[in-house]
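Step one of this worksheet: look at the structure below.
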Amino acid sequence: MKKFFLTLLIVILISKVGVAQCVPDPLITGGVPGIYPDTATNLPVAVVGTPYSSVIQIKVLTDTTVGGLPAIIDSIVIFGVTGLPAGFTYSCTPASCSFPGGSDACILLQGPAFSISELGNVYPIVVNGTAYGSLFGLPASQPYDVDGYKIVVTSNVSATLLTPSKFDAAQNQPNPFSTESFVHLNLPSAGKYQLKVMDLLGRTVMNSEYQGIKGINIIKLNAIDFKQGVYTYSVSFGSSIITKKMIVSGN
């Protein structure tokens with residue numbers, strides 16, 4: 001049943017807009033059931049120093065089947081968005097956050113700019129709602145969570161140094177570093193990637209695996225995990241490997 005009600009969200013469009021209220025755009029749906037983009041594509045990243053704004057656009061089904069039984073969708077009501085960073089808000093069009101079956105609607109997420117100290121933070125976002133309708137002619141409702149979305153705090157390095165639509169990893173910044181440093185990478189699809197750090201003698205001092213999202217991901221390096229010196233690090237995704245050097249100047 002949970003998967004059924006997740007499919008009630010036909011289209012999710014994320015775009016950076018600086019308006020106080022979102023506008024439903026039925027042209028985005030193309031009449032094709034599904035979620036666009038899906039949770040693997042994710043919300044747009046947040047850039048340090050820039051106020052955040054993104055739109056979730058929704059097209060609601062009118063009917064479907066559950067276990068071979070006919071189900072009619074009267075409405076979906078959104079009652080919360082959990083996991084938003086401090087100072088963030090959400091609003092809907094219609095303002096009631098009640099979306100009738102077959103309608104186009106949207107949710108606007110907005111928040112203040114992140115500081116440099118928040119670079120690399122990841123905020124999982126969950127949209128909470130309830131679907132109302134009838135199943136085999138009987139009234140029915142089903143709560144559901146649309147989860148898997150994240151707001152990743154990045155810097156403009158992702159726009160200037162990374163190649164979009166392919167696996168790419170930028171030089172860690174800052175470099176050298178004595179406190180924290182960050183490796184920005186772009187993944188062409190969601191999946192696991194690996195970070196391996198070796199000293200000048202070829203000894204592995206760190207070997208970590210991460211679950212990545214499609215698009216920009218960030219690895220946070222802490223100087224206290226390394227001795228002062230020069231290291232080689234490799235970021236791998238599938239059969240692709242990118243290798244660079246970093247310098248730990250103190251801790």
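Values as computed for the structure displayed
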quantity	calculated
Rounded D (µm²/s) - region 91-139, Kirkwood Rh over Cα pairs, Stokes-Einstein at 37 °C, 0.692 mPa s	227 µm²/s
Cα-based radius of gyration of region 206-251 once divided by 2.2 N^0.38 Å, which approximates compact folds	1.30
Dimensionless Rg/Rh of region 86-186 - Kirkwood Rh, Rg from C-alpha atoms	1.14
Spin-label pair residue 209/residue 86, simplified geometry with 7 Å Cα→Cβ offset, distance in nm	3.6 nm
Euclidean distance of C-alpha centroids, region 189-251 and region 50-96, integer Å	38 Å
Long pairs among 166/244; 220/244; 166/227; 150/220, criterion Cα-Cα beyond 21 Å	166/227
Estimated distance in nm for a label pair at residue 134 and residue 198, the labels positioned 7 Å out from Cα along Cα-to-Cβ	6.8 nm
Sequence-distant aspartates and glutamates (8 or more away, or on other chains) whose Cα lies within less than 13 Å of residue 214	38, 168
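Readers should treat all values here as calculations from the given coordinates under stated rules, not as data from a laboratory. None of the values given here were measured: they were computed from a predicted structure. As a convention, Cβ positions derive from the backbone with ideal geometry for all residues, glycine included, and neighbour counts pool all protein chains shown.
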